[in-house]
Every structure is written in structure tokens, then in C-alpha cells.
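Please treat every number below as a calculation from the coordinates, not as lab data. Since the model is a prediction, treat every value here as computed from it, not as a measurement. Methodologically, a virtual Cβ is constructed for each residue, glycine included, from the backbone with ideal geometry; neighbour enumeration extends over all protein chains shown.
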Amino acid sequence: MKAERWQVGEVSITSVVEEQTEHIPPELFFPAARAADVSRVAWLVPDFADADGKVAMRVQAFVIETRRRRVLVDPCVGNGKKRPMPFWNERTFPFMDRFLAAGFDPGAIDTVVHTHLHADHVGWDTQLVAGEWRPTFVNARHLYTARELEFCSKNDNPGVAGVYADSVAPIFEAGLADLVDEDADLGDGLRLEPSSGHTPGHVSLWIESAGETALVSGDFLHHPLQCAEPGLAEVGDLDVEEARATRRRMLARACERRALFLGTHFATRPAGRIEAHGDAYRFRPLP
């Protein structure tokens, strides 16, 4: 799968896809949704849903290149990780082949940003080498928020089960971890914004360069369907009401700022604009 790239001012953003899945019954991710609900949102077809109302989802990481830095955001599920969810368990994805084919070197990544610590956002932080989980991005500072780290290390939630042991602890043991505030200014036009609800310490990433703006969502929004239905909860939302409030606030901000919106789990055409549409929103992907 060929890497997709976008330009925001002087910053380049590249998607590296781990896996894309089509024709998913929407209730698997959105318990209150049915195929008929999806079919009523005509603009979702064909990029984000099929004509029968089944949805498409993607797991991908974003590489952000500034003049001085290469920043990796949310490095996917990873290979060989033991996970309670079968679609993440002991997988063999071609992610690293795609990462290299896109022109990136793991050793050249200087920062790894995690919007949160669910298993599908941290996996490639480590790889199994001689029976041990070792850091993949050996020259990178890996950023964590305190509330998210506590959630991951002390919770048996299926989304984080096993994650701390094989994908977080080895980073701390290697001295590559930094705790940052949920609203941290990361420099070079990169800034975190708290977007909790899906998980306690969830953050999203704003990118500003030469008068242009982009927003990497993380999981405050999983699918463009939630633009049309911001109240629609995703199965992994830890605090449903907080997640709904966050989703409405962040969609409004992205719309007002005309940001290039990068949906972390958006399939096929993940970059576009959030537009007001009736009493909710629409995602309009870039051509």
C-alpha cells in the first residue's frame, strides 16, 4: 500500500498503513449504530462505507517532518504482541516494510508521540529481538502523559492488556521515555491538546506551519460517521459522556480553524476538512 503525503506549510505529513479492513458491521465498533443508519449518510460512500452500510477502518501511523525533526505519531499494533483481541493478537503486518519503502529510517525518528496507549497506538515502539522486547526507534524520545501512563500500567481494560509490559516498560528501561503535560508545546509548531474521554489522558496533536494548520485526531473520533453523529459512542470509550463532549468540542475547533484533519482510523482518504453540515458536521476528504 503506497504511502500518502500531505503538506501543511513547510511540514510534510505521511501516512504509513498497517492494515485497512472493509465491510465491517458498524455495531462492532459503534454499539448503537446499524447499517441502515450508515446508509442514510450518503457522503460516506464509497470511501468510508459500502452501499450496504458496512464501514471501513484503518490502523495507521503518521510521520511528521519539519525542517529539523521527524516525529512518529501512534505506531500501530506491532508484530508478535499477545493481545486479548484476536484481530491484534500475534500479527505479522508488513508495516515496517512500508515504513522503509516510504523513505523512513527508524534510527532517524527523534520523537514518538502517543495520542493514547491502547494497543493499536504503541505496538511498533518495540520489536522482539533474541526473545526480548527492545525499542525500535532507538534515537527517539517517547512521550507519555501521566494519566495515560497510569491507566495503561494499572488497568486490565482489553485495550491496554499486555501493553505496558511489552511496549512501554522497555522504553522506560532504555531511558527513552519522557512525561509531558497534556497541553505540552512540543516545539516546531507541534502542540498537544487534551481530548480525554476515550481514555483518561488522551491527547490530540495540532500542527502549525506558515499560516496553515492540521490536527491529528487520535481516537476522540474513529470514523467519519461520528461527524454526522457526534453523540455516537465507540465501543472503547471509557467515559462515554466525556468522549461525546470532547468530540463535539474538537470537531468545532477543527471546523472553525479550517484545519487539515487527519483521522487516525479513517480509511482510504484520511485527510480532509471538517465542515458544518446541518446541526452536525461532514468530513470532506481531499481530492
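Observations, loosely collected:
- Global geometry of the stretch 177-277, whether rounded, prolate or oblate, following the gyration tensor of its Cα atoms and the 1.5 cut on a/c: oblate
- In plain terms, the C-alpha convex hull of the stretch 160-235 casts an average shadow of 6.9 nm² when viewed from every direction.
- Seen from Met85, the other residues with C-beta closer than 15 Å to its C-beta sum to a net charge of -4, counting Lys and Arg as +1 and Asp and Glu as -1.
- Net charge dipole, the chain: roughly 600 debye, given to the nearest 20, about the Cα centre with Cβ charges of +1 for Lys and Arg and -1 for Asp and Glu.
- Near the amide H of Tyr281, within less than 5 Å, lie the amide hydrogens of Ala228, all on another chain or at least 5 residues away, with H placed in the peptide plane.
- The stretch 201-245 and the stretch 138-177: distance between their alpha carbon centers, rounded to Å: 21 Å
- In percent, rounded to a whole number, the relative contact order of the chain is 17, using alpha-carbon pairs under 8 Å and six or more apart.
- Dipole axis of the chain (+1 Lys, Arg; -1 Asp, Glu on Cβ), positive-most option in Ala3, Leu221, Pro158: Ala3
- In terms of its C-alpha gyration tensor, the stretch 95-245 has an oblate overall shape, because the principal axis ratio a/c (a ≥ b ≥ c, square roots of the eigenvalues) is not below 1.5 and a/b does not outweigh b/c.
- Qualifying chymotrypsin sites (Phe, Trp or Tyr not before Pro) for the stretch 51-88 [loop in DSSP, other Cβ within 10 Å: at most 13]: Phe87
- Those lysines that a straight Cα-Cα span of less than 30 Å connects to Lys54, excepting residues fewer than 8 apart in one chain: Lys2, Lys81, Lys82
- The string of couplings for the stretch 20-25 from the Karplus curve (6.51, -1.76, 1.60, θ = phi - 60°) is 10, 10, 9, 6, 8, x Hz, one whole number per residue in order, with x for Gly and Pro.
- Over the stretch 152-287, relative contact order from alpha-carbon pairs under 8 Å, at least 6 apart, %: 18 percent
- Environment charge of Phe29, counting only residues whose C-beta is closer than 13 Å and scoring Lys/Arg +1, Asp/Glu -1: -4
- Here the stretch 16-71 is assigned +1 on the Cβ of each Lys and Arg and -1 on the Cβ of each Asp and Glu. Its dipole about the Cα centre then comes out at about 500 debye.
- The stretch 4-285 - share of DSSP beta bridges that are antiparallel (%, nearest 5): 80 percent
- The local environment of His265, defined by Cβ-Cβ distances under 9 Å, has a net charge of -1 under the rule Lys, Arg +1 and Asp, Glu -1.
- Shown in residue order for the stretch 261-275 are the 3J(HN,Hα) couplings computed by the Karplus curve 6.51 cos²θ - 1.76 cosθ + 1.60 at θ = phi - 60°: 9, 10, x, 4, 10, 6, 8, 6, 9, x, 10, x, 10, 8, 10 Hz (x for Gly and Pro).
- Whole-Hz ³J(HN,Hα) from phi, Karplus 6.51 cos²θ - 1.76 cosθ + 1.60, for the stretch 7-18, glycine and proline x: 10, 10, x, 9, 9, 9, 10, 10, 8, 10, 8, 8
- Computed from Cα atoms, the angle from the helix 240-257 axis to the main principal axis of the chain rounds to 80 degrees.
- In terms of its C-alpha gyration tensor, the stretch 31-164 has a prolate overall shape, because the principal axis ratio a/c (a ≥ b ≥ c, square roots of the eigenvalues) is not below 1.5 and a/b outweighs b/c.
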